[in-house]
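The values are calculated or read from the model by the stated rules, or taken from the named source; none is laboratory data. Quick caveat: nothing in here was measured; it's all calculated off a predicted structure. Using ideal geometry, Cβ is built from the backbone for each residue, glycine included, and neighbour counts are taken over all protein chains shown. Side chains included, ligands, DNA and RNA excluded: accessible areas come from the protein's heavy atoms. Shrake-Rupley method; radii C 1.70, N 1.55, O 1.52, S 1.80 Å.
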Amino acid sequence: MAQLQFPRLPSNRHVDYLQAVILGLVQGLTEFLPISSTAHLRIVPALLGWNDPGPAFSAVIQLGTLVAVLGYFRNDIVQIASAWLRGILSWRPLATHDSRMGWMMIVGTIPIVVCGLVFKDQIEHQFRTLPVIAGALVVLAILLALAEGFAAWRRRQGHAARHLEQTTWADAIVVGTAQALALVPGSSRSGVTITAGLFDGLERETAARFSFLLAIPSIFAAGVFQLWTARQALVGTSESLALLVIATLAALVSGYASIAFLLGYLKKHSTLIFILYRLVLGGLLFYWLATGTLQA
């Protein structure tokens, strides 16, 4: 049987800019859907014969998706930030749910920051392989399916799912700890946090919203850290800076659209379509690796 052949694009200046746009769009579209942006930023270049853009490039263009989150949730963020600051100035930091939400976002970010620093080398090298990504795609699909089944069982038992204003410190710890698993390429930040939220009794859309809010500090920290540590390679020349800006802007636009789509979709639908997508993509990736179409 003939192996599937993918186009191999030549390496030149024009394609470099085209790659920046495509990778930015892919980053934004997949960052907030539970299908893993890191997986797609590895798979798409591999299929097209491009070089892996690398973890630093991926982390920095995430700043575009950060702006998308800030723009989409601007009212919520202003409300939370104002309450958080008023709480500090009045010496009543936990007086309201909004002020507590600010602290919960900080507490929920600690696990991923600690794990990101401790396992930095493994995340950027050993874990960033196509077999690991394929396995993570499949495993998280199974966990998300189990979480959906658990949420359905809770509804049949008469337990109402909780909304954002009902989130607790336990939710911040559980979802924040789960967010650290997103450091494994292929797992997906929104995927692991929505899974944890469903197991924790949160409404599906609430789990997604909570996931996006928790993502703000970690995306900012990762983007700034990588921009600083890899600044010479990323912005050492005017061309590399232009490529980074183009990819980041593309990620901003597609990321905003992705957030709007997912929140609207989850109001009426389960995550079944994403579970099936992950299983199919993971299966295809294993097949391509087994047949030599892609190299690990």
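List of remarks:
- Inter-label distance for W169 and L279, nm, one decimal - labels placed 7 Å from Cα along Cα-to-Cβ: 4.0
- Label-to-label distance for I142 and T291 is 2.4 nm, based on points extended 7 Å past Cα in the beta-carbon direction.
- Sulfur and carbon atoms: percent of accessible area, the chain [1.4 Å]: 69
- Computed accessible area, L146, all protein chains, 1.4 angstrom probe, square angstrom: 100
- Whole-Å distance, taken between Cα centres, linking region 193-217 and region 91-163: 7
- Rounded FRET efficiency, nearest 0.05, which uses the C-beta distance separating W153 from V224 and R0 of 45 Å: 0.60
- Residue-normalised accessible area of region 141-296, expressed per residue, 1.4 Å probe, Å²: 46
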